[in-house]
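Engineer: Okay, here's the structure, questions in a sec.
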Amino acid sequence: MKGLGLIHVYTGAGKGKTTCAFGLALRAWGCGKRVCIIQFLKKGEKYGEVVAVDRLDGIDLHQYGSGRFVFNKQLRQEDVEAAEKGLVHAKDVLSSGDHDLVILDEMNIATDFGVLDVSKVIEALDSRADGVEVVLTGQNSHPAIVEKADYVTEMRKVKHPYDEGVMARKGIEF
């Protein structure tokens, strides 16, 4: 049986993947664990969870995005370059052993959109130091990542107010 250092995947079309990961970050931080959150395809936007983490001492947060919302795989070179820098940083963080929990937020989107090669992501996961727990979030998790994971949770959308024209609300959806 494995101990610490497991791989979690939060995926699916339903709401709550990033929120779930941030909840785990708070739990780990509250128990004295060192936490690092690396966000892919996000930068500059002060989502509620980012504002909250900025107020906490002991959770490191890094964003690797171009500063614009990436939708429907409409990528620019700066999106790819930012994600690649993020993956280099993630591999360094994972292999250093300086953090007990590393969250790779929207990593699944980065691989699904073809921004990052899934084999390089798996290489980064394989390079992690003993005991480093890691979480990958985002829709459409690659089958190779699902296979590698110890936990896989799929958030399934049953109903969402966006489908009725309700736009994302600050403090609830972001």
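The values are calculated or read from the model by the stated rules, or taken from the named source; none is laboratory data. Note that the coordinates shown come from a computational prediction; the quantities given were computed from them, not determined experimentally. With ideal geometry, Cβ positions are generated from the backbone for all residues, glycine too; neighbour counts draw on all protein chains shown.
Engineer: Do we find that D117 is touching a residue at least 60 places away in the same chain (Cβ under 8 Å), surrounded by fewer than 21 Cβ atoms within 10 Å (Cβ to Cβ) and either in contact with an Asp or Glu (Cβ under 6 Å, 6 or more places away or on another chain) or over 22 Å from G14 (Cα atoms) (or both) in this structure?
Structural biologist: Considered against the rule, which asks whether it is touching a residue at least 60 places away in the same chain (Cβ under 8 Å), surrounded by fewer than 21 Cβ atoms within 10 Å (Cβ to Cβ) and either in contact with an Asp or Glu (Cβ under 6 Å, 6 or more places away or on another chain) or over 22 Å from G14 (Cα atoms) (or both), D117 comes out as no.
Engineer: Is at least one residue of segment 87-107 charged (D, E, K, R), in contact (Cβ under 8 Å) with a residue 60 or more places away in the chain and surrounded by 23 or more Cβ atoms within 10 Å (Cβ to Cβ)?
Structural biologist: Yes, some residue in segment 87-107 is charged (D, E, K, R), in contact (Cβ under 8 Å) with a residue 60 or more places away in the chain and surrounded by 23 or more Cβ atoms within 10 Å (Cβ to Cβ).
Engineer: Further question: Only one of these conditions is not met by T111: (1) at pLDDT below 95; (2) among the hydroxyl-bearing types (S, T, Y); (3) surrounded by 21 or more Cβ atoms within 10 Å (Cβ to Cβ). Which number is it?
Structural biologist: It fails just one condition, (1).
Engineer: Evaluate segment 47-62: report whether one residue or more is modelled with pLDDT under 90, basic (K, R) and farther than 17 Å from Y151 by Cβ.
Structural biologist: The answer is no; no qualifying residue exists.
Engineer: Taking segment 159-174, which residues are on the phi > 0 side of the Ramachandran plot and at pLDDT below 85?
Structural biologist: G171
Engineer: Given the conditions (1) in contact (Cβ under 8 Å) with a residue 12 or more places away in the chain; (2) more than 17 Å from S141 (Cα to Cα); (3) in a loop (DSSP other than H, G, I, E, B), and given that G14 satisfies all but one, which numbered condition is not satisfied?
Structural biologist: All conditions pass for G14, except number (2).
Engineer: Taking only segment 40-51 into account, find how many residues are among the small types (G, A, S), loosely packed, with under 13 Cβ neighbours inside 10 Å and not in a loop (DSSP other than H, G, I, E, B).
Structural biologist: Counting residues in segment 40-51 that are among the small types (G, A, S), loosely packed, with under 13 Cβ neighbours inside 10 Å and not in a loop (DSSP other than H, G, I, E, B) gives 0.
Engineer: Only one of these is free of Cβ contacts under 8 Å to residues at least 60 places away in the same chain, over 21 Å from D92 (Cβ atoms) and touching a Gly at 6+ places or on another chain (Cβ under 8 Å): G48, G30, G65, G44. Name it.
Structural biologist: Every option except G44 fails the conditions.
Engineer: Output the qualifying pairs, or none if there are none: Cβ atoms under 6 angstrom, residues six or more apart or on different chains, first residue in segment 153-166 and surrounded by fewer than 11 Cβ atoms within 10 Å (Cβ to Cβ), second residue at pLDDT 90 or above.
Structural biologist: Within 6 Å, the pairs are R156/G12; R156/G14.
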